[in-house]
Structures are given as structure tokens and as C-alpha cells.
Amino acid sequence: MIAADYFDGRSSRRHPVHLGLRDGAVVVEGEFGRRSAALDAVEICTGAERTPSTIRFADGAICEIRDSAAWAAELAGAGIGAGAVASAERRWHWALAALTGAVLIIAAIYAYALPWLARQLAPAIPSAVTQSISDAVLKGLDARLLAPSKTNPQRQQEIAAKVAALGSPGASLPPHRLLFRSAPQIGPNAFALPGGDLVVLDELLALARRDEDVVAVVAHELGHLRHHHGMRQLLQSAVVSFVVGVYLGDVSTVVAGLTTLLLESRYSREFELEADAYAGRLLLPTPASLDPLIDMLLRLDAAHAKSRAADQGGLFGAGDLLSSHPDTAGRVSALRAMKR
Ligand SMILES: [Zn+2]
């Protein structure tokens with residue numbers, strides 16, 4: 001008989017017992033009484049370093065064996081040793097492998113399947129839906145962050161005309177509507193809403209040295225529209241927050257937070273490069289080529305670096321073009337490569 005501690009699974013009380021194998025059954029005896037169970041009805045785990053070997057009964061009771069070596073000898077003596085124990089360990093290894101597999105699958109869904117699905121779905125979403133999302137977001141922004149533009153209507157029209165001229169019969173621009181607003185706390189920026197509303201801030205006009213600079217930034221935003229980046233990002237985030245919400249049991253706050261989510265999330269590096277490439281194709285044939293876009297990327301980067309230093313973060317601290325900050329150099333060299 002081997003010394004062990006028995007826990008009945010209901011209280012934390014430790015019962016000193018002796019245990020052994022008799023006729024293919026585990027027998028446990030002590031002051032608490034006596035119980036036995038067929039070997040295939042218990043879970044046997046041999047202890048690793050410092051952890052005791054255990055026998056788990058179907059009702060949750062556990063025996064902790066202090067002398068693992070004696071127990072291994074007892075199992076071996078009964079002719080069940082290695083195999084049965086190894087299978088218990090194998091079970092544990094399989095559980096770990098299954099868990100690792102599940103984590104990898106979820107990561108792959110998040111990194112590949114979800115973006116792929118969003119890419120397929122976004123263009124198919126009826127424009128009435130994307131427009132109503134845009135309207136709601138714009139309404140919220142106008143109420144909280146944006147003020148009417150002070151740019152005179154004639155300059156607004158000139159810029160709109162130069163943007164429209166970027167399109168050609170062979171390459172039409174995505175449906176869009178230029179809107180001018182002012183937002184000193186956001187700083188120089190422009191952003192496109194999924195429905196096609198493309199907001200240009202007075203602060204961006206102030207940073208620009210000529211209309212072509214503004215047109216270049218708008219061309220980049222048109223790239224986001226052409227590739228449905230806003231909607232794709234919204235779909236991906238919506239699925240993630242929905243799943244998280246269901247998991248945490250709180251869907252309503254998640255749904256209410258979608259607007260904020262759309263605004264706060266930055267475009268990925270891939271989206272920025274895609275928008276740059278689209279803008280590059282539009283701007284290459286123009287007299288100034290890609291220089292205004294390159295110039296504006298660098299100036300925006302510098303301007304936002306300054307405002308970051310002054311700690312003006314907040315809702316739109318990231319903004320659109322700024323989101324590229326760590327990668328401005330990479331984007332600029334990609335555009336220069338396009339010029340050649
Ligand atoms: Zn962008």
C-alpha cells in the first residue's frame with residue numbers, strides 16, 4: 001500500500017489514506033472510509049518534477065500520491081504501467097495541441113479571412129446603407145468637432161473643379177462630394193466617409209502652398225473611397241466587436257460604439273499604400289506629377305509631429321494622413337519609385 005492524500009472534491013479537507021491496485025481497480029482506504037474504482041474509470045496522471053502523481057475519480061475526488069516512484073512500481077507490477085499512464089499524458093498533450101490549433105485558427109481568421117471577407121462584402125453594400133452611415137457620422141462630427149469652413153466658396157469650387165479634372169473617360173473617379181469644414185483641434189487633415197463625403201479642413205488649406213497640394217491629398221482620399229477602405233475597416237471592426245461583445249455578453253454598448261470605432265480606428269499601412277498608389281496613378285499625368293503629394297506627406301508628418309509634442313491627441317489625434325506617421329518615409333519612397 002502507498003501513502004497518499006485523498007480530497008473528496010467537495011471540501012478542501014485532506015484525508016491521509018493508503019492506496020493500491022487490486023484486480024484492475026484502484027482501492028483507497030483511510031479514516032474517511034474506503035472506495036474503489038476500475039482503472040479505466042479514473043484519470044491517472046504521473047507527476048512531473050515537484051508535482052505529485054494524481055488519480056482523479058469521476059466525481060471529482062482526487063488522490064495525491066506522495067511517493068510517485070512507488071506508485072509507478074505498483075502500476076508496472078500490475079502490468080498496466082507505462083501504457084495507461086502514457087495515454088493520460090498523451091491526452092494532456094493533445095489538449096494543448098488542440099488549444100494551440102484553435103488560437104492559430106482564430107489568428108488566421110482575424111488576419112486573413114476577415115479582411116478577405118470585408119473586401120468582398122464592402123463593394124456589395126448598397127449605397128443607401130453606406131450613405132446613411134456617412135450621414136450619421138458627419139452629423140455627429142458637425143455637432144461635436146467640425147465648424148463651418150471659412151474658405152471662400154469660389155476657392156472651394158476651384159479645388160473641386162481641379163479634383164474633378166483628375167478623372168478621365170478611361171478612369172472615372174469614385175462617387176464623392178467635397179465638403180469643407182474647419183477644426184483647429186484636429187489640425188491639417190482630410191478624410192473620406194464611406195458614403196463618399198470627403199471632408200477637407202481649412203487647416204489643410206492653410207498648410208498647402210498651392211491648390212495642387214490640396215488636390216493631391218484629396219486624390220489620396222479618393223483612393224480610400226475607390227478601395228472601400230472605410231467600409232472594409234468598419235466591417236472588420238464590427239465583426240470583431242460583435243464577437244467580443246457576444247463573448248462578454250454586452251452587445252448594445254458595442255453597437256452604440258461603432259461610430260466612435262470608425263472614427264478612432266486608423267487605416268492599416270496596407271490601406272495607406274493602396275490609397276497612395278491610386279493617388280499616384282491619378283497625379284502622374286498632371287504637370288506637377290507626384291511632387292505635391294510627397295511634399296504634403298512630409299509637411300503633414302511634420303505638422304502632426306509638432307501637435308503630438310504638444311499632446312493634442314484625442315478623437316482625431318490620429319486622423320487619416322497622420323496615421324501613416326511611422327511610415328511616412330516608406331510611403332514617400334514608394335511614391336518616388338512610381339515617378340521613375
Ligand atoms: Zn489615408
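Just so it is clear, none of the values below were taken in a lab; they were calculated from the coordinates. Owing to the predicted nature of the structure, the values given are computational and were not obtained by experimental measurement. We place every Cβ from the backbone using ideal geometry, glycine too, and count neighbours over all the protein chains shown.
Through the Karplus equation 6.51 cos²θ - 1.76 cosθ + 1.60, θ set to phi - 60°, convert the phi angles of segment 148-158 into ³J(HN,Hα) values in whole Hz; use x for Gly and Pro.
Using θ = phi - 60°, the values come out as x, 6, 9, 5, 6, x, 5, 5, 4, 5, 4 Hz.
Suppose R0 equals 25 Å; then what is the FRET efficiency for W116 and R281 from their Cβ-Cβ distance, rounded to the nearest 0.05?
For W116 and R281, the calculated efficiency is 0.55.
What's the exposure ranking of D135, D59, D291, going from fewest to most Cβ atoms within 10 Å?
Listing D135, D59, D291 from fewest to most nearby Cβ atoms yields D59, D135, D291.
Give, as ranges by residue number, the residues of segment 152-172 whose backbone N falls under 17 Å from the point 7 Å along Cα→Cβ of A288.
155-167
What ³J(HN,Hα) values, in whole Hz, does the Karplus curve 6.51 cos²θ - 1.76 cosθ + 1.60 give for segment 202-209 when θ = phi - 60°, with x put for Gly and Pro?
In residue order, the calculated couplings are 3, 4, 6, 4, 5, 6, 6, 8 Hz.
Please turn the phi angles of segment 188-200 into ³J(HN,Hα) values with the Karplus equation 6.51 cos²θ - 1.76 cosθ + 1.60 (θ = phi - 60°), one per residue in order, whole Hz, x for glycine and proline.
Whole-Hz 3J(HN,Hα) from phi for segment 188-200: x, 6, 8, 8, 10, 9, x, x, x, 6, 10, 8, 10.
Of all DSSP beta bridges located in segment 141-208, what percent are antiparallel, nearest 5?
About 55 percent, rounded to the nearest 5.
So what's the net charge close to L178: Lys and Arg +1, Asp and Glu -1, counting the other residues with Cβ under 12 Å from its Cβ?
Net of charged neighbours comes to +1.
For I2, what charge total do you get from the other residues with a beta carbon under 9 Å from its beta carbon, if Lys and Arg give +1 and Asp and Glu give -1?
Residues close to I2 contribute a combined charge of -1.
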